[in-house]
Structure formats: C-alpha cells, structure tokens
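The values are calculated or read from the model by the stated rules, or taken from the named source; none is laboratory data. Computed from a predicted model, the values in this text were never measured in an experiment. Cβ atoms come from the backbone with ideal geometry, glycine included; neighbour counts cover every protein chain shown.
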Amino acid sequence: MLAPESPGRLSAAVLVVSDEVVSGADADRGGPVAVGLLDDLGVAATKAAVPDDPARIRTAIAEAIAAGARVVLACGGTGIGPNDHTADVVAGLLSYEMPGIAEEIRRQGYGHTPVALVSREIAGVVRPEQGPPVLLLAVPGSRGGIRDALGVVGPMLGYIIDQLDGAGHV
C-alpha cells in the first residue's frame with residue numbers, strides 16, 4: 001500500500017489504446033484490470049480509450065498529465081504491427097527512460113509466453129513545463145501484460161514518485 005499523497009491519493013490515468021475498443025468492436029478487458037490493480041495499490045485511477053493514432057495518443061497523454069496524473073499507463077500498441085504506435089509516441093515524450101523497468105516487464109512476460117520478447121514496453125519520466133514529473137509507461141494491452149507491468153512497477157510506485165519529488169535515496 002502506498003502512503004496517500006496530499007491532499008488525496010496518488011493519481012493515475014489508464015489509457016487503453018485500441019481502435020477496436022474505441023469503436024465498440026471489442027470489449028475493454030485490460031483497462032479494468034489496470035484500474036483494479038492500481039486501486040489495490042492505493043492509487044486512484046481514471047480510464048479512457050484512445051484510438052491507435054499517434055496524435056490522439058499524444059493528446060490523451062498530455063491531457064492526463066494536465067489533469068494531474070502522476071502515473072500514466074498507456075496500455076496497448078506496444079507490439080510490432082503496423083498500428084502499434086504507443087511505444088514510439090511514449091518514447092518521444094519522455095525526458096528520460098527507465099530501461100530496467102521495461103526490461104523486467106518483458107522478463108516477467110516471457111515467463112508466461114515467449115512472444116513477450118517482441119513487445120516494446122517503454123518506461124520513463126516526463127517533466128512537463130507546468131506541474132510535477134510524471135511516470136509514463138507504455139505496456140501491453142492484454143490482461144496478462146498489464147498484470148506483469150503493474151507487478152513490476154506497483155511495489156515501487158511510492159519510491160519512484162518520492163524520488164521524482166526530490167526525496168533522498170534509500
């Protein structure tokens with residue numbers, strides 16, 4: 001459990017990147033998993049669906065940050081298909097990467113399926129012109145991929161946010 005951030009809990013945004021979910025052709029199965037896992041960690045999360053379009057993904061991330069999310073989880077679009085843009089968009093927004101997190105998410109995923117190594121998770125920090133720094137992650141949209149990602153980063157969220165806010169090292 002995280003210590004609550006003042007004045008409320010740590011806030012996060014879950015962005016489900018999927019043309020199929022946006023159009024209603026497929027159900028959003030991963031987003032509710034992400035929100036539930038974040039809630040279990042003591043993090044208040046909002047959820048929105050975004051099409052597989054770089055400009056729309058970029059806008060959704062910017063809006064989530066402007067709304068005060070300290071953690072933004074972009075779920076989906078991390079593969080190697082022609083419509084998989086999330087990893088590229090996220091990489092272009094980061095002030096710096098945290099490659100160890102993405103590597104560990106892939107390693108955890110590989111324990112479930114070898115195709116996890118084809119995924120392009122990205123983890124890093126955005127330092128917006130206004131407001132505090134934000135942890136931004138591009139993770140798989142599958143329920144298992146989301147569980148792997150939050151299983152890796154979840155226990156460290158409090159530490160990461162504290163470090164971003166200038167706390168001393170452990």
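Only one of the numbered conditions (1) outside any helix (DSSP H, G or I); (2) without any contact (Cβ under 8 Å) to a residue 12 or more places away in the chain is violated by residue 74, and that is (2). Note on region 49-62: residues that are exposed (fewer than 15 other Cβ atoms within 10 Å of the Cβ) and within 23 Å of residue 144 (Cβ to Cβ) total 0. When region 41-71 is filtered for residues that are of a type outside the set (A, V, I, L, M) and without any contact (Cβ under 8 Å) to a residue 60 or more places away in the chain, the ones remaining, listed by number, are 42, 46, 47, 51, 52, 53, 54, 56, 58, 59, 63. Would you mind finding the one in 30, 36 that is surrounded by fewer than 17 Cβ atoms within 10 Å (Cβ to Cβ) and either within 26 Å of residue 159 (Cα to Cα) or touching a residue at least 60 places away in the same chain (Cβ under 8 Å) (or both)? Among 30, 36, only 36 is surrounded by fewer than 17 Cβ atoms within 10 Å (Cβ to Cβ) and either within 26 Å of residue 159 (Cα to Cα) or touching a residue at least 60 places away in the same chain (Cβ under 8 Å) (or both). Residue 69 satisfies every condition listed in (1) crowded, with 16+ Cβ neighbours inside 10 Å; (2) of a type in the set (A, V, I, L, M, F, W, C); (3) not in a loop (DSSP other than H, G, I, E, B) except (3). Looking across region 86-100, not a single residue is in contact (Cβ under 8 Å) with a residue 40 or more places away in the chain and over 14 Å from the mean Cα position of the chain (by Cα).
For residues that are crowded, with 24+ Cβ neighbours inside 10 Å and in a helix (DSSP H, G or I), scanning just region 102-124, find the one that is farthest from the chain's Cα centre (by Cα). Within region 102-124, the match that is farthest from the chain's Cα centre (by Cα) is 109. In the set 52, 39, only one residue is among the acidic types (Asp, Glu) and either more than 23 Å from residue 161 (Cα to Cα) or not in a helix (DSSP H, G or I) (or both); that residue is 52. The number of residues in region 125-149 that are touching a residue at least 60 places away in the same chain (Cβ under 8 Å), in a helix (DSSP H, G or I) and crowded, with 24+ Cβ neighbours inside 10 Å comes to 3. With respect to (1) touching a Lys or Arg at 6+ places or on another chain (Cβ under 8 Å); (2) of a type in the set (Gly, Ala, Ser); (3) closer than 19 Å to residue 16 by Cα, the lone exception for residue 95 is condition (3).
Scanning region 8-18 finds one or more residues that are on the phi < 0 side of the Ramachandran plot, surrounded by fewer than 17 Cβ atoms within 10 Å (Cβ to Cβ) and modelled with pLDDT under 95.
Screening residue 91 on (1) exposed (fewer than 15 other Cβ atoms within 10 Å of the Cβ); (2) out of contact with any strand residue (DSSP E or B) (no Cβ under 9 Å at 6 or more places or on another chain) shows it passes everything except condition (2).
Of the residues screened, residue 60 is not one that is assigned to a strand (DSSP E or B), modelled with pLDDT of 95 or more and farther than 12 Å from residue 137 by Cβ.
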